Amino acid sequence: MTEINPFLQSFLYIIGGEIAIEVGKELLKSENEDITDEDITENIKERIKGIKDFEPDDEEILKLNTVRKTLYKLYSEKLAQFRRIRDKSTGWFIYFWWHEFDLVEEILLEKKNLLRQKLRDRLEYERENYFFACEECDKNDTKSPFSDAFELNFRCPECGSKLSAKENQHITTFLKEKIIQNQKVNLSLD
Ligand SMILES: [Zn+2]
């Protein structure tokens, strides 16, 4: 992989904004060498000097700390890895970073499948239960499935009013639409 494809670009942006894209570019460029977070920061500064304006404040966004935070975000999303060695003269750790961008489709697919599973579980829950809620304090928007309502003697634990059946058709419709949308998302690049 030599350049950032559109999926990767969007994903990086979602993870850490524009700076994550810049960090991504540096990780790609240094595929075959050791690069530290300090190198990455300097390279970005050098590369975008006078070309690109980061909002709201270039200086702020290009602090070493920001780059480090961004690298850790990429790491926690499995898009980057590091190894560290202790600098013998200072005693501090030096971190060398590399990307794992080849995994991006896999990671996105995993996220997509996880979301689909959550939607399906929720849909199943909505379909398999009858719900009851208090109309008097419905603003809390809490609804109880039949078994819970039964245990409460169909009385609201907050205000003591009678619990009444609550329609959930709109939720199941919404969830079905979301599941269809999720299926339509195409994550392959060809
Ligand atoms: Zn109530």
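The values are calculated or read from the model by the stated rules, or taken from the named source; none is laboratory data. Just so you know, these numbers come straight off a predicted model, no measurement behind them. Heads up, the Cβs are rebuilt from the backbone with ideal geometry, glycines too, and the neighbour counts pull from every protein chain shown.
Return the residues of the stretch 141-176 that are assigned to a helix (DSSP H, G or I) and either of a type in the set (Asp, Glu) or within 28 Å of the chain's Cα centre (by Cα) (or both); say none if nothing qualifies.
Within the stretch 141-176, 148, 151, 170, 171, 172, 173, 174, 175, 176 meet the criteria.
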Right, residue 161: within 13 Å of the ligand (Cβ to nearest atom), over 30 Å from residue 11 (Cα atoms), without any contact (Cβ under 8 Å) to a residue 60 or more places away in the chain and not assigned by TED's automatic domain parsing to the domain that holds residue 78 or not?
yes
Quick one: is residue 143 surrounded by 13 or more Cβ atoms within 10 Å (Cβ to Cβ) and farther than 19 Å from residue 10 by Cα?
yes
Being charged (D, E, K, R) and within 11 Å of the ligand (Cβ to nearest atom) narrows it down to one residue among 110, 151, 126, 136; which is it?
136
Which numbered condition residue 181 fails, given (1) closer than 30 Å to residue 106 by Cβ; (2) surrounded by 13 or more Cβ atoms within 10 Å (Cβ to Cβ); (3) polar (S, T, N, Q)
(2)
Scan the stretch 124-140 for residues that are in a loop (DSSP other than H, G, I, E, B) and either modelled with pLDDT of 90 or more or within 31 Å of the chain's Cα centre (by Cα) (or both) and jot them down.
129, 130
Restricting attention to the stretch 114-123, and to residues there that are of a type in the set (D, E, K, R) and within 16 Å of the chain's Cα centre (by Cα), which single residue is farthest from residue 180 (Cα to Cα)?
118
